[in-house]
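Below is one structure; the comments refer to it alone.
The values are calculated or read from the model by the stated rules, or taken from the named source; none is laboratory data. As the structure is a computational prediction, the values presented were derived from the model and not from experiment. Positions of Cβ are backbone-derived with ideal geometry, glycine not excepted, and every protein chain shown enters the neighbour counts. Surface accessibility is based on the protein's heavy atoms, side chains included, excluding ligands, DNA and RNA. Shrake-Rupley method; radii C 1.70, N 1.55, O 1.52, S 1.80 Å.
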Amino acid sequence: MPINKEKERFVQEKLPFEMVSRDVVHSIQSPEALAIWVYLMTLPPNWVPRREQLRERFDLGRARYGAAMKELRELGLVWDAIVRDGQGKIIEKVMTVQALLDSQ
């Protein structure tokens with residue numbers, strides 16, 4: 001089932017400044033995952049997620065990008081939500097980035 005990429009949006013915790021949690025930094029194993037997470041934390045709420053943009057920004061191939069995003073998802077720092085209309089059709093995909101681990 002294809003996703004309408006024009007209807008993708010990005011949600012992030014609102015903080016009045018940029019800072020990162022030591023626990024999160026210490027929990028992320030790969031430098032690629034850390035770089036992506038920090039970058040996502042600095043983007044404005046109206047940013048539209050583009051996988052290609054992130055891959056290009058960090059000069060990552062599909063496999064390295066996929067592994068980094070998998071690590072962030074497994075830690076619960078990044079997740080996606082699918083929004084469907086009344087007929088079950090996907091109308092939007094929302095990427096969310098979290099500033100803290102759930103255990104914090």
For S21 the rounded accessible area (nearest 10 Å², probe 1.4 Å, non-protein molecules ignored) is 20 Å²
In degrees from 0 to 90, rounded to the nearest 10, what is the angle of the helix 62-74 Cα long axis to the longest principal axis of the chain? 80 degrees
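Sort F10, F58 by accessible area with a 1.4 Å probe, largest first.
Largest accessible area first, the residues go F58, F10.
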Any idea which of V24, L100, G86 is furthest toward the positive side of the dipole for the chain, if Lys and Arg beta-carbons carry +1 and Asp and Glu beta-carbons -1? G86
How far is it, in nm, from the label point at R84 to the one at R50 when both lie 7 Å from their Cα along the line to the Cβ? 3.0 nm
Under the 0.36 nm per residue contour assumption, what length would be gained going from the current alpha-carbon distance of V11 and S103 to full extension? 31.1 nm
Rounded to whole Å and ordered largest first, report the semi-axes of the equivalent ellipsoid of the chain derived from its Cα gyration tensor (root of 5λ). 24, 16, 13
For the chain, the dipole about the Cα centre with charges only on Cβ (Lys and Arg +1, Asp and Glu -1), to the nearest 20 debye, works out at 320 debye
Per DSSP H run of n ≥ 4, the term is -39500 (n - 2.57); total these for the chain, divide by its residue number, and report the mean residue ellipticity at 222 nm rounded to 500 deg cm²/dmol. -10500 deg cm²/dmol
Students sometimes get this wrong: rank W37, W47 by accessible area, probe 1.4 Å, all chains present, largest first. W47, W37
